[in-house]
Amino acid sequence: MTDRNVDDELRFAIDFFVKTAGPEFSQFIGFSIESPTFDTGIIKFDMKDRLVGNPYYRVLHGGIISSVLDTVGGHTVYLNLFHKLKGKPPEKQFEILSKIGTIDLRIDYLRPGRGKSFTAKGYILRMGSKVAVTRMELHNDEEVLIAVGTGVYSVG
């Protein structure tokens, strides 16, 4: 996490889960978590050869787009749920936060994934006691909307 305004408790919680879950996926994509708030998740990454789905047109693979949107949706739920758990013992936080999981995911591919870099943003649409719903967007470095998604995540 790169935002200096993020408190140490949140930084510790996110770093713990990145390390526990294994950093392989985030390292493969090469994404970074940027300026998170408790209602919006933001992930940024650069285009790399290993992310190309169509070598002739050099566009992002659809599976990469879907995976990144799912990741930012889950991350957004994580941030929002963490905000509600803030101040509780870390063991209690991790017990609850570790239950977040994707239930349903819909991705709409609007344009080919062309760009030098990309930003995925997630927003909470509804946060319930058992289920959360997010809206996700993927833009390229020219602010062109590449794909949108809706994710449903278990939270309890």
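Could you list, in sequence order, all residues of the stretch 140-153 that are within 15 Å of the chain's Cα centre (by Cα) and either over 20 Å from residue 61 (Cβ atoms) or buried (at least 18 other Cβ atoms within 10 Å of the Cβ) (or both)?
Once the filter is applied, which keeps residues that are within 15 Å of the chain's Cα centre (by Cα) and either over 20 Å from residue 61 (Cβ atoms) or buried (at least 18 other Cβ atoms within 10 Å of the Cβ) (or both), the stretch 140-153 yields 147, 149, 150, 151, 152, 153.
Could you count how many residues in the stretch 1-48 are at pLDDT below 70, more than 21 Å from residue 95 (Cβ to Cβ), among the hydrophobic types (A, V, I, L, M, F, W, C) and out of contact with any strand residue (DSSP E or B) (no Cβ under 6 Å at 6 or more places or on another chain)?
1
Identify all residues within the stretch 110-130 that are over 17 Å from the mean Cα position of the chain (by Cα) and surrounded by 15 or more Cβ atoms within 10 Å (Cβ to Cβ); write none if there are none.
112, 113, 114, 115
What are the pairs, 6+ residues apart or on separate chains, where a residue within the stretch 97-113 that is of a type in the set (Lys, Arg) has its Cβ under 8 Å from a residue that is assigned to a strand (DSSP E or B) and modelled with pLDDT of 95 or more?
Within 8 Å, the pairs are 99/154; 106/149; 106/150; 106/151; 111/145; 111/146; 111/147.
Could you grab me the full set of residues in the stretch 38-97 that are of a type in the set (D, E, K, R) and buried (at least 16 other Cβ atoms within 10 Å of the Cβ)?
44, 70
Residue check: is residue 136 in contact with a Phe, Trp or Tyr (Cβ under 9 Å, 6 or more places away or on another chain) and in contact (Cβ under 8 Å) with a residue 24 or more places away in the chain?
In short, yes.
Need at least 3 residues that are within 21 Å of residue 10 (Cβ to Cβ) and touching a Ser or Thr at 6+ places or on another chain (Cβ under 9 Å) per element, so show me which helices (runs of 4 or more DSSP H) inside the stretch 23-138 make the cut, counting only ones lying wholly within it.
Of the helices (runs of 4 or more DSSP H) lying wholly inside the stretch 23-138, those with at least 3 residues that are within 21 Å of residue 10 (Cβ to Cβ) and touching a Ser or Thr at 6+ places or on another chain (Cβ under 9 Å) span 62-85.
The values are calculated or read from the model by the stated rules, or taken from the named source; none is laboratory data. Everything numeric here is computed off the predicted structure, so don't read it as measured data. Here the Cβ is made from the backbone with ideal geometry for all residues, glycine too, and neighbour counts use every protein chain on show.
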